[in-house]
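*Asks:* Input: one structure, supplied below.
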Amino acid sequence: MCSNLNYDLFRVNLTNTPICYCGWHEENVSHYLLECRLYLTQRNNLYYKLHDFSPLDLETLLFGNEEILSEKQNETILLAVQDYIKQTKRFL
Ligand SMILES: [Zn+2]
C-alpha cells in the first residue's frame, strides 16, 4: 500500500524520515488511523460514529468487511474514515 504518509514516502525516497510529526513512531497507516496523539479528537469522533461496529480493526477500517457487514454498514465505515482523514487535515 502506498500513501502520502511519511513511512510510505520514505520508502520511495520522497522524504527524509519515516517518522510522524508527533515524533513518536513511523507514520504508517496503522499509526495514523489508530495511534497518533496528534489526532485524538478526530479519532474520538471516528470511534463515536462507529461504536456499533466496535471493536474495529485496521483491515475493516480500510476495506470494510463484506462477509459480516451490510453494504450500508460498510458505507458508514467508509464515510467515517473519510471524515477522519479530512478532519486531521494531514493531506492538505
Ligand atoms: Zn504520530
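*Asks:* Which ones in region 70-86 are under 16 Å from Arg43 (Cα atoms) and more than 11 Å from the chain's Cα centre (by Cα)?
*Replies:* Across region 70-86, the qualifying residues are Thr76, Ile77, Leu79.
*Asks:* Scanning region 39-69 for residues that are acidic (Asp, Glu) and not in a helix (DSSP H, G or I), which turns out farthest from the chain's Cα centre (by Cα)?
*Replies:* Of everything passing the filter in region 39-69, Glu67 is farthest from the chain's Cα centre (by Cα).
*Asks:* Looking at the structure I just gave you, is Leu92 open to solvent by 40 Å² or more (accessible area, probe 1.4 Å) and either within 14 Å of the ligand (Cβ to nearest atom) or touching a His at 6+ places or on another chain (Cβ under 9 Å) (or both)?
*Replies:* Taking the combined requirement at face value, the residue does not satisfy it.
*Asks:* May I ask you to list the residues in region 30-65 that are of a type in the set (A, V, I, L, M, F, W, C), more than 14 Å from the ligand (Cβ to nearest atom) and surrounded by 15 or more Cβ atoms within 10 Å (Cβ to Cβ)?
*Replies:* Leu46, Leu50, Phe53, Leu56, Leu61
*Asks:* Among the residues in region 11-29, are any on the phi > 0 side of the Ramachandran plot, open to solvent by 90 Å² or more (accessible area, probe 1.4 Å) and not acidic (Asp, Glu)?
*Replies:* Looking for residues that are on the phi > 0 side of the Ramachandran plot, open to solvent by 90 Å² or more (accessible area, probe 1.4 Å) and not acidic (Asp, Glu), one finds at least one in region 11-29, hence yes.
The values are calculated or read from the model by the stated rules, or taken from the named source; none is laboratory data. It should be emphasised that the depicted structure is a prediction, and the values quoted were computed from it without experimental measurement. Cβ coordinates were reconstructed from backbone atoms using ideal geometry, including for glycine residues, and neighbour counts include every protein chain displayed. Protein only, heavy atoms only, side chains kept; ligands, DNA and RNA dropped before computing areas. Shrake-Rupley method; radii C 1.70, N 1.55, O 1.52, S 1.80 Å.
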